[in-house]
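Laboratory data are not the source of any read-out in this text; all were calculated from the coordinates shown. Keep in mind that this is a model prediction, so the values were computed, not measured. Cβ: placed from backbone, ideal geometry, glycine included. Neighbour counts: every protein chain shown.
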């Protein structure tokens, strides 16, 4: 594994220049909206979630509204995000816990967030970083894929990847670095066909499956 500090610093620097203004693509006005939008983003694009959430939060603006709403109403409002039966149940139960334990407020620690229904470490770290400015390393499919391609981890387990990245990236950059990889994964280093000829860090990547020029 190429874990020399100089190479990692070059990767960080180039990605920062390439994506100077990174932020979560999920539209939200407060931590509560971000939390629910992130739950909805599982197995769904941010674009589709953003198409759903304005109408959802207009009809159900508060945790109490989700608790009172029939599950069928929530399912109908979020139907196009996929897996809507599970997601509706998660949203309803999450809101119930927010009201019963946190007076309707979103908690701001990882340990508390991951206790909420439908919330794993990825969702928790998105909320911590974007809503509270607390360092967290988000490991979604883009981050997992690119971390392996760049030899920053040998693992395919999101929890292990998160720990590996936290060891080599300065804590103050955790939020941004994961967003760099997400932006980079969407624009260039895609799952099916990475656009290696235009990649700004191709010279720092030794992935044997790199796409040659002209392909």
Bins of 5 Å from zero: percent of alpha-carbon pairs in the range 31-132: 2, 15, 27, 28, 20, 8, 1
Fewest-first ranking of 147, 156, using other Cβ atoms within 10 Å as the exposure measure: 156, 147
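Would you kindly give the portion of the calculated P(r) for the chain that falls above 31 Å, as a percent of all Cα pairs?
On the way: 5894 of 23005 pairs.
Distances greater than 31 Å cover 26 percent of the Cα pairs.
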Taking all pairs of distinct alpha-carbon atoms in the range 116-215, Kirkwood radius in angstrom: 14.1 Å
Cα-based Rg and Dmax for the range 76-163, where Dmax is the largest Cα-Cα distance (Å): 15.0, 44
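Treat the count of other C-beta atoms within 10 Å as a stand-in for reagent exposure and order 24, 38 from fewest to most.
Fewest-to-most ranking of 24, 38: 24, 38.
Grab the DSSP H runs of the chain that are 4 residues or longer, score each as -39,500 (n - 2.57), total them, divide by all residues and round the 222 nm result to the nearest 500 deg cm²/dmol.
Details: 11 runs with 121 residues, N = 215.
Only helices count here, giving -17000 deg cm²/dmol.
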